[in-house]
Amino acid sequence: MAADAIARELDRAVANDDLRALDRAFALFLAELDPAASPALLLAAALCSRALGTGHPCLDLADPDIAELREKWRGFAPELGDVETWRAHLAAAPLVAGDDAPLVVADTRVYLRRYYDYERSVAAAITARVARPPSPPEGLAHELDRLFGPARAGVIDWQKIACALAARGAFAVITGGPGTGKTTTVVKLLGLLQTLALRDETRTRLRIRLAAPTGKAAARLNESIAQQIDRLDVDAAVKEAIPAEVSTLHRLLGSRPDTRRFRHHRGNPLHLDVLVIDEASMVDLELMSAVLDALPDAARLVLLGDKDQLASVEAGAVLGDLCRHAAGGGYDAATVAWLAEVCGEDVSAYAATGTPRALDRHIAMLRTSHRFGGDSAIGKLALAVNRGDAAAVRAAFAAGGDVARLEAATRPDVAAARLAVPPRDATSRQLGLFDAAPAEPGYRHYLDVLARARPAERAEPDAWQRWAGDVLAARNAFQLLCAVRHGDAGVVGVNDALAQALVEAGLVAAGHEWYEGRPVMLTRNDYGLGLMNGDLGVALRVPDDAGRTRLLVAFAVTDAQGRRRLRFVAPSRLDAVETVYAMTVHKSQGSEFEHVALVLPVDDAGVVTRELMYTAVTRARRRFSLIADAAVVDGVVQRVVRRSSGLAAEWS
Ligand SMILES: Nc1ncnc2c1ncn2[C@@H]1O[C@H](COP(=O)(O)OP(=O)(O)OP(=O)(O)O)[C@@H](O)[C@H]1O
C-alpha cells in the first residue's frame with residue numbers, strides 16, 4: 001500500500017481524536033526506517049505510542065479498549081481482525097525481529113524497545129532478590145516483641161508481620177491505605193535492624209537512605225519520620241543512627257542535566273545498606289529500573305505505598321503489579337509457620353491456595369486505618385470506592401456525616417464556587433452539605449484569617465511569621481480537586497470561576513496577576529529556592545528586611561531535621577507557579593487536607609477511574625465532598641483501567 005494512503009489514514013485518526021499527532025509521527029518515522037512496513041505494523045506502532053501516552057508501557061493487542069479501532073481499520077489492514085494473526089504478522093516484521101529492532105513483541109504485547117528493556121530489568125532484579133534464601137537477623141523475635149508487644153488473641157498485627165517479613169529478606173513491599181501505619185512500621189523496622197546491627201560483633205551501623213519520587217512526598221515523609229523516631233522505644237545511639245532526611249529519588253540517584261543516565265548505576269552503585277522508598281505507587285517503570293540498577297546486591301530495598309492509588313502519569317505501575325495478590329496474602333506454608341514462631345501471629349487464613357509465588361512472602365498489606373475509625377464516613381466511602389461497590393458508595397453519601405455529594409447540574413464550576421465561597425451567613429444545611437456546620441467554610445476561612453489576624457503595622461517579625469503560618473495552615477483546611485485539566489469541571493475552568501467568585505465576594509482584589517491571598521503551587525523543583533514541585537504558598541503583604549511592606553509569597557518548607565519553617569519569596573523569582581484554588585488529583589498525591597472537594601466532569605466520557613476517586617477521597621482528613629451527579633459516580637467507581645504490563649503477567 002502506498003505510503004501516502006497510510007499517512008492519510010493516520011491523519012484521519014488524528015482528526016478523529018483516535019490518535020495524537022505524536023503517535024502519527026512515530027508511525028511515519030517507522031515507515032521511513034522501513035518503507036516496506038505494513039499498515040498492520042504501522043497502526044500497531046501508532047497505538048503503542050498512544051498507549052505510552054496514557055501510562056501503559058506496552059500495547060496489548062487483545063486490549064478490549066482498542067477493539068473498536070481494530071474494527072475500523074480492518075478493511076485497511078486485515079490482520080487486525082484476529083489477535084493471533086496480528087501478533088504473528090508483527091513478530092515476523094523486520095522492525096520487530098532482531099536485537100536492535102525498535103519494536104518488541106512478547107505474547108500479545110507490543111513494546112518500544114526501551115520500555116521492554118526497563119520491564120525485563122525490573123523483573124530480573126526483583127526475581128533475583130526474592131529468590132535469595134531468607135536471612136532473618138539473630139534476635140529478631142525478641143526485638144519484634146519489644147517493639148510491637150506480644151501477640152493478642154483474635155487480632156492479627158499486620159504491622160508486626162510486615163516488619164518481620166521485611167527484616168527477613170532483601171526485598172519487601174509494605175502496602176496499605178491512608179493511616180494504616182506504613183511510616184510507623186518502617187521506623188520500627190529501621191530501629192530493629194539498626195539495634196541488631198549495632199549489637200552484633202562487628203558493631204557496624206547500617207547505612208540507611210530514605211527516598212520518595214517527588215519533592216513534596218519527600219518533605220512529608222521527612223516530617224512524619226522525624227516525629228516517629230522521637231517516639232521510638234530504642235537506645236539513643238540507635239535513634240541517632242536512623243536518618244530523618246528524605247531525598248527525592250532523582251537526587252539520590254544523581255540526576256544530571258541533559259541526560260536520562262544517572263550518576264549511580266550498576267558500575268557506580270549507591271553507598272547504602274537499606275533503601276526505603278515511600279509513595280512507591282508514584283514510581284514509574286523507568287525510574288524503578290534505574291533504582292534497581294543502582295542498588296548494591298547486598299542492600300535491602302523496602303517499598304512503601306498504597307497499591308490502590310493512582311500510578312504515576314509516566315508509563316508503568318510497578319507497585320500495583322507487585323501487589324495484585326496482596327489482599328489474599330498467598331503465603332507459603334514455611335512462611336506461615338515462621339510468622340507463627342517469630343511473631344506469634346497466625347496467618348493461616350492468608351496461606352496460598354494454589355502453588356505459592358516466591359514474591360508473596362515479601363509483601364505485607366496493612367489493613368487497619370488508625371486515622372479513620374471503623375465507623376468513619378470517609379473510611380467507609382474509601383472502602384466502597386475501592387471495592388467498586390456503587391450501591392455502597394450511594395449509601396455512604398446518603399448516610400451523610402463527614403461525606404456529602406452535591407449535584408453538579410450543568411455547571412460544575414459554578415457548584416464548586418458555591419461550595420468553596422459560600423455566602424457568609426449560609427448554614428451547612430442550607431448548602432445541602434454536612435450535618436454539622438464546617439468551622440472553616442471553604443476558602444473563606446484562610447482569607448478571613450488573613451484579614452482578621454493581620455498583625456499591627458509595627459509588629460515584631462515573630463508576629464508576622466505566626467500570622468503567615470496561620471494563613472498557610474488555614475489554607476490547608478480546604479482543597480478543591482479536579483479529575484481533569486480542561487473544560488467546566490477542569491482545573492482551568494474551576495480556578496477561573498473561583499477567582500471570580502472571590503472577587504465578587506470582596507475577598508480578594510481584582511485586576512492583577514499577583515494579589516494578596518493568591519494561592520499558588522510550584523510546578524517545578526527549584527533547588528536554588530529550596531522549593532519543590534507541588535509546594536503550596538500564599539501571597540501576603542509583609543514587611544521586608546528593610547521594613548517596607550511588600551507582596552511576598554509565603555511557603556512552609558521542611559528542613560533536613562523534619563521541622564517546618566516559613567520561607568518568603570518575591571513573586572518575580574517564581575517562574576513556574578500556577579494559581580491553585582483547584583488542582584488535579586494527580587498533583588494532590590502525597591498531600592492531605594482537612595476538607596477535600598472533588599469535582600467530576602458532567603459527562604465523564606470514560607476518563608475518570610476508581611483509582612482517581614479513591615486517591616481524592618483519601619486526601620481528606622475530616623471531610624469529603626463530591627460535586628457530581630449520582631449516575632456519573634456509579635460509572636466512575638466501576639471503571640478500572642489496568643495498565644498493560646508484562647510484569648503483571650510475570651507475577652500473576
Ligand atoms: N498500631 C497503631 N496503633 C495506634 N496508632 C497507630 C498505630 N500505627 C500507626 N498509628 C498512628 O496512626 C497515624 C498514621 O500512621 P502512619 O503515619 O504511620 O500511617 P501511614 O500509613 O504512613 O499514613 P499515610 O497515609 O500518611 O502514608 C499516626 O498518628 C500513627 O501514630
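The values are calculated or read from the model by the stated rules, or taken from the named source; none is laboratory data. Remember, it's a predicted structure, so these values are computed and weren't measured experimentally. Note: ideal-geometry Cβ built from the backbone for every residue, glycine included; neighbour counts use all protein chains shown.
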Give me the pairs: first residue in segment 267-292 and under 22 Å from GLY177 (Cβ atoms), second residue within 16 Å of the ligand (Cβ to nearest atom) and part of a helix (DSSP H, G or I), beta-carbon distance under 6 Å, and six or more apart or on different chains, which are they? VAL276/VAL186; ASP278/LEU221; GLU279/ALA217; ALA280/LEU319; SER281/LEU319
Restricting to segment 364-376, what's the tally of residues that are more than 10 Å from the ligand (Cβ to nearest atom) and either assigned to a strand (DSSP E or B) or free of Cβ contacts under 8 Å to residues at least 60 places away in the same chain (or both)? 6
Where in segment 119-235 are there helices (runs of 4 or more DSSP H), lying fully within it, with 3 or more residues that are away from the ligand (no atom under 16 Å from the Cβ)? 140-148, 158-168, 182-199
Odd one out for ASP278, checked against (1) of a type in the set (Asp, Glu); (2) within 16 Å of the ligand (Cβ to nearest atom); (3) touching a Lys or Arg at 6+ places or on another chain (Cβ under 6 Å): (3)
Restricting attention to segment 33-54, which residues are surrounded by fewer than 17 Cβ atoms within 10 Å (Cβ to Cβ) and in contact with a helix residue (DSSP H, G or I) (Cβ under 9 Å, 6 or more places away or on another chain)? ASP34, PRO35, GLY53
So, in segment 131-170, of the ones that are surrounded by 24 or more Cβ atoms within 10 Å (Cβ to Cβ) and in contact (Cβ under 8 Å) with a residue 60 or more places away in the chain, which residue ends up nearest to LYS239 (Cα to Cα)? LEU144
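Quick grid of which residues meet (1) under 31 Å from the mean Cα position of the chain (by Cα); (2) farther than 16 Å from ARG418 by Cβ:
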{"site": "HIS486", "(1), (2)": "yes, yes"}
{"site": "ALA489", "(1), (2)": "yes, no"}
{"site": "ALA505", "(1), (2)": "no, no"}
{"site": "GLU513", "(1), (2)": "yes, yes"}
{"site": "VAL520", "(1), (2)": "yes, yes"}
{"site": "LEU529", "(1), (2)": "yes, yes"}
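Name the residues in segment 453-484 that are part of a loop (DSSP other than H, G, I, E, B) and within 26 Å of VAL421 (Cβ to Cβ), would you? Explain how you work it out, then say what you get.
First pass over segment 453-484, keeping only residues part of a loop (DSSP other than H, G, I, E, B): 453-460, 476-477, 483-484.
Within segment 453-484, ALA453, ARG454, PRO455, ASN476, ALA477, ALA483, VAL484 qualify.
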When segment 269-284 is examined, which residues are found to be modelled with pLDDT under 95 and outside any loop (DSSP other than H, G, I, E, B)? SER281, MET282
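Give me a count of the residues in segment 580-634 that are away from the ligand (no atom under 16 Å from the Cβ) and of a type in the set (Asp, Glu). Please lay out each step first, then the result.
First, the residues of segment 580-634 that are away from the ligand (no atom under 16 Å from the Cβ): 580-584, 586-587, 595, 597-610, 612-613, 623, 625-634.
Right, trim to of a type in the set (Asp, Glu) and you get 603-604, 629, 634.
Residues meeting the conditions: 4.
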So the check is Cβ under 9 Å with 6+ separation or different chains; which pairs have a first residue in segment 398-421 that's under 14 Å from TYR581 (Cα atoms) and a second one that's hydroxyl-bearing (Ser, Thr, Tyr) and part of a strand (DSSP E or B)? LEU419/SER625
With the condition kept exactly as written, say whether any residue in segment 55-72 is outside any loop (DSSP other than H, G, I, E, B), touching a His at 6+ places or on another chain (Cβ under 7 Å) and buried (at least 16 other Cβ atoms within 10 Å of the Cβ). no
Log entry, pairs with first residue in segment 516-527 being under 17 Å from ARG251 (Cα atoms), second being in a strand (DSSP E or B) and at pLDDT 95 or above, beta carbons closer than 6 Å, six or more apart or on different chains, reads none
